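Only the coordinates and a few stated rules stand behind these numbers; no lab work does. These numbers come from a predicted model, not from an experiment. Cβ: placed from backbone, ideal geometry, glycine included. Neighbour counts: every protein chain shown.
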């Protein structure tokens with residue numbers, strides 16, 4: 001299969017491309033830089049120059065492929081809503097190319113976009129929140145519109161994806177802890193975040209490409225939830241700073257734009273994903289990767 005991948009040189013893309021190539025797929029990877037182009041070529045992929053702000057480059061890449069895996073996203077949280085709307089436009093552009101083709105289109109969302117029953121982990125069956133409440137849900141809203149046009153849309157909802165270099169939102173928490181001199185958690189630190197190792201997440205995308213059904217969601221969750229206090233204490237040990245509790249009303253001042261997530265229970269189940277795809281994550285836990293990372297490089 002010929003597969004166009006956005007975000008091909010990013011965190012997940014860099015782990016996924018070798019798996020696709022080894023699986024016999026022809027990969028066309030989006031790159032906005034010469035350095036990225038070189039890394040793609042070294043991994044055995046064909047290079048397609050462009051970025052998510054150049055919709056013509058996105059459309060032309062999608063037109064050359066049998067399937068599209070969309071991973072690219074701007075993680076500047078000071079412009080979170082704007083970046084979510086950019087993602088909506090990219091999905092719309094790709095969907096316009098694939099419309100009526102029965103092509104496979106894998107889009108990326110987050111466990112945080114789901115609207116589960118109170119006190120329950122997010123499942124694959126839970127609909128997304130409205131994007132007016134959770135801007136990241138714009139991706140799923142546009143994905144549903146594309147699916148209605150004869151495209152086999154597969155939504156992969158991500159938790160905190162981690163290795164010993166990055167850990168999703170936790171990486172931003174590490175930066176803040178370094179700046180503030182304390183690794184903070186809110187209240188008793190009982191809020192939890194779902195997590196999954198990078199290699200297992202890349203494997204899920206590969207499985208979803210080859211086995212996925214149309215108009216379905218998969219949750220890339222290995223750990224249902226890791227407690228905020230445990231995360232903060234691991235960060236504190238790594239940075240050699242204290243882990244401290246802060247009051248809920250201090251969260252925004254301390255964490256900035258990240259404060260909106262710090263008190264949320266972002267937990268998720270992947271029971272149906274495992275059953276449907278035969279996905280069995282085997283990588284390290286989030287806390288293990290936090291204990292083994294080089295904080296001088298974080």
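Once the chain from residue 171 to residue 79 is taken as fully extended at 0.36 nm per residue, the excess over their C-alpha distance is 31.4 nm. Placing pseudo-labels 7 Å out from each Cα toward the beta carbon at residue 33 and residue 49 gives an inter-label distance of 1.6 nm. Compared with the direct C-alpha span, the chain from residue 241 to residue 211 gains 6.2 nm at full extension, assuming 0.36 nm per residue. Highest mean first, the peptides 246-252, 168-174, 272-278 sorted by other C-beta atoms within 10 Å per residue fall in the order 168-174, 272-278, 246-252. In the chain, the DSSP beta bridges split such that about 10 percent are antiparallel, to the nearest 5.
Using r as the Cβ-Cβ distance of residue 188 and residue 64, and R0 as 45 Å, what FRET efficiency do you calculate, to the nearest 0.05?
0.30
If you take the square roots of the eigenvalues of the alpha-carbon gyration tensor of the range 101-209 and sort them as a ≥ b ≥ c, do you get rounded (a/c under 1.5), prolate (a/b over b/c) or oblate?
In terms of gyration-tensor shape, prolate.
Between 0 and 90 degrees, rounded to the nearest ten: what's the tilt of helix 169-180 against the longest Cα principal axis of the chain? Computed tilt is about 40 degrees. Which entry is the computed Cα extents along the principal axes in Å for this structure: (i) 62, 50, 30; (ii) 53, 41, 35; (iii) 57, 46, 41? Calculated Cα extents along the principal axes in Å: the matching label is (ii).
Each of the peptides 152-163, 118-129 was scored by the mean count of other Cβ atoms within 10 Å over its residues; in descending order, highest first, they stand as 152-163, 118-129.
Dividing the mean sequence gap of close Cα pairs (under 8 Å, 6+ apart) by how many residues the chain holds gives a relative contact order of 18 percent.
Using C-alpha pairs under 8 Å with a sequence gap of at least 6, the mean separation divided by the residue count of the range 177-298 gives a relative contact order of 41 percent. Does the range 1-64 come out rounded, prolate or oblate, given a ≥ b ≥ c as the square roots of the eigenvalues of its C-alpha gyration tensor, rounded meaning a/c under 1.5 and, failing that, prolate meaning a/b above b/c? Oblate, because a/c is 1.5 or more while a/b does not exceed b/c. Defining a contact as two alpha carbons under 8 Å apart and six or more residues distant in sequence, what relative contact order in percent does the range 25-173 show? Reported relative contact order: 20 percent. For the pair residue 253 and residue 297, a Förster radius of 35 Å applied to the C-beta separation gives a FRET efficiency near 0.80, rounded to the nearest 0.05.
With a ≥ b ≥ c the root eigenvalues of the C-alpha gyration tensor of the range 49-148, is it rounded (a/c under 1.5), prolate (a/b larger than b/c) or oblate?
Cα axes put the range 49-148 in the oblate bin.
What the Cβ-Cβ distance of residue 230 and residue 101 gives, at R0 = 51 Å and to the nearest 0.05, is a FRET efficiency of 0.65.
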